[in-house]
Amino acid sequence: YGKTMASFQKLEDVYRILDPVKNRLIVYSCGVMHSARQRLPEVLLKLQRQPSDEIKLLVHDYYMISPSYTLLNSDNRYVGVPRPQLTQDSVHRYINADGSVVELGQWQEEWGQVMHAAKEVEVFSNSSREIILQAYPLAEGKIRVKPHQLLHSPIQLETPICSGLKGIGVLGDIGVVKGSQVLHALSRILNQEQIEFRVVVLGMLSHPKLLKAPSLVHGGYKWRDVAKLVEKYCIHNFLVPSVGPETFCYAAHEALGTGFPVWGFNLGAQSEALARASNGFLISISMANSTPDDIAWSLVRAMFPKKKAIGH
């Protein structure tokens, strides 16, 4: 017994090595970076040779719905689950190395065959369940919701007392889908409106130079140091700025565990976590019709209702 792991350059070698294996459990976890990712449905179905072989799909992203695995459009907006008849955005097409195009309809048809063949589809939030069902309604009986175990125990914190700027804490590495453009805009608005708060990113940030001082990027950190960092930067609340639907949101759960107010938007697994918590605060906004500046202004109005913001 034990676990055998291997890496192969050619799919033919995978088929050959696994040829003697009977009663297979084929678990798909993530294929976004695979060199032959457009062939993944074909590969999974080929690995399932016998009726006793089972396929299990883990929904860590939405690649089985669209080549845009975050479901964002080319303008970095989430407008809902892409539908072949309604979606014209090129980001939902896959372009092969030879220049040939896999349209969204073909993409979903091929992944739909895998959904049909799979014994189980494991998602990590009810939000993911609903998104998968919008694309593949016939998968309903196969979906199991199994949230991740948190990586860290909750740390209940005391609100720090400070005489200077207070901090809006953001946990983790923040790229576009996680809300980097919203943070850039928020830092500008906090300055413009002379609001005595700044954004503090505990992690890395895409295009950090666009974050206006005194907002700052702390960089990487250890979870055990969060209490010290909250004190250092006088963090009074947390923000989950994601503009796309997450399949599960560790940052939301970890922030909520501090007992501090945690703000976020009405989409994805992040909103599911915030809605269940007494210290979670959801901001309802149409991502399809909103720019990063619009979203940041909505944040300012919700977080600082007594401040008469100008401009928006």
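Using 16 Å as the cut-off for backbone N distance, which residues of segment 275-296 belong to the label zone defined by a point 7 Å from the Cα of Arg188 along Cα→Cβ?
290-296
Let me have the relative contact order for segment 229-293, percent, based on Cα pairs under 8 Å that are six or more residues apart.
Working: 95 pairs, mean separation 18.9, N = 65.
Rounded, it is 29 percent for segment 229-293.
State the Cα centre-to-centre distance between segment 64-109 and segment 127-167 in whole Å.
25 Å
Please report, in Å, the Rg and the Dmax of segment 176-249, where both are computed over Cα atoms only.
12.5, 36
Karplus couplings for segment 23-32 from phi (6.51 cos²θ - 1.76 cosθ + 1.60, θ = phi - 60°), rounded to Hz, Gly and Pro as x?
With the stated coefficients, segment 23-32 comes to 6, 7, 10, 9, 10, 8, 10, 6, x, 4 Hz.
Restricting to bridges with both residues inside the chain, how much of the DSSP beta-bridge set is antiparallel, in percent to the nearest 5? Can you show the working numbers first?
Working: 2 of 31 bridges.
Of those bridges, close to 5 percent are antiparallel.
Calculate, for the chain, the solvent-accessible area per residue in square angstrom, rolling a 1.4 angstrom probe over the heavy atoms of the protein chains.
Details: 16390 Å² over 312 residues.
Spelled out: the 1.4 Å probe surface of the chain, per residue, equals 53 Å².
What order, most packed first, do the peptides 70-83, 255-268 have when packing is the mean number of other Cβ atoms within 10 Å of each residue?
In descending order of packing, they fall as 255-268, 70-83.
When only C-alpha pairs under 8 Å and at least 6 residues apart count, what is the relative contact order of the chain, in percent? Each step should come with its number before you reach the end.
Details: 526 pairs, mean separation 46.6, N = 312.
Computed over the chain, the figure is 15 percent.
Ignoring ligands, DNA and RNA, please state the percent of accessible area on the chain from carbon and sulfur, probe 1.4 Å.
Details: 8500 of 16390 Å².
Carbon and sulfur together cover 52 percent of it.
Where in segment 1-75 are there trypsin sites (Lys or Arg not before Pro) that are in a DSSP coil and have at most 15 other Cβ atoms within 10 angstrom of their Cβ?
Values: sites: Lys3, Lys10, Arg16, Lys22, Arg24, Arg37, Arg39, Lys46, Arg49, Lys56; in loops: Lys3, Lys10, Lys22, Arg24, Arg49.
For trypsin sites (Lys or Arg not before Pro) across segment 1-75 that sit outside H, G, I, E and B with at most 15 neighbouring Cβ atoms in 10 Å, the list reads Lys3, Lys10, Lys22, Arg24, Arg49.
Spit out the partnerless Cys residues in the chain, using Cβ distances under 4.7 Å as the pairing rule.
Cys30, Cys249
Rounded, prolate or oblate: which fits segment 177-312 when a ≥ b ≥ c are the square roots of the eigenvalues of the alpha-carbon gyration tensor, with rounded for a/c under 1.5 and prolate only if a/b beats b/c? Intermediate values should be presented prior to the final figure.
Values: a/c = 1.38, a/b = 1.08, b/c = 1.28.
Cα axes put segment 177-312 in the rounded bin.
So what are the ³J(HN,Hα) numbers for segment 220-229, from phi and the Karplus equation (6.51, -1.76, 1.60; θ = phi - 60°), rounded to whole Hz, Gly and Pro as x?
x, 8, 9, 4, 5, 9, 4, 4, 5, 5
Segment 1-75: which chymotrypsin sites (Phe, Trp or Tyr not before Pro) are DSSP loop and have at most 12 other beta-carbon atoms within 10 angstrom? Walk me through the numbers on the way to the answer.
On the way: sites: Tyr1, Phe8, Tyr15, Tyr28, Tyr62, Tyr63, Tyr69; in loops: Tyr1, Phe8, Tyr62, Tyr63, Tyr69.
Counting only loop positions with at most 12 other Cβ atoms within 10 Å, the chymotrypsin sites (Phe, Trp or Tyr not before Pro) in segment 1-75 are Tyr1, Phe8.
The values are calculated or read from the model by the stated rules, or taken from the named source; none is laboratory data. In this text, all values refer to a predicted model and were calculated from it rather than measured experimentally. When we count neighbours, we look across all protein chains shown, and the Cβ atoms used for this are built from the backbone with ideal geometry, even at glycine. Surface accessibility is based on the protein's heavy atoms, side chains included, excluding ligands, DNA and RNA. Shrake-Rupley method; radii C 1.70, N 1.55, O 1.52, S 1.80 Å.
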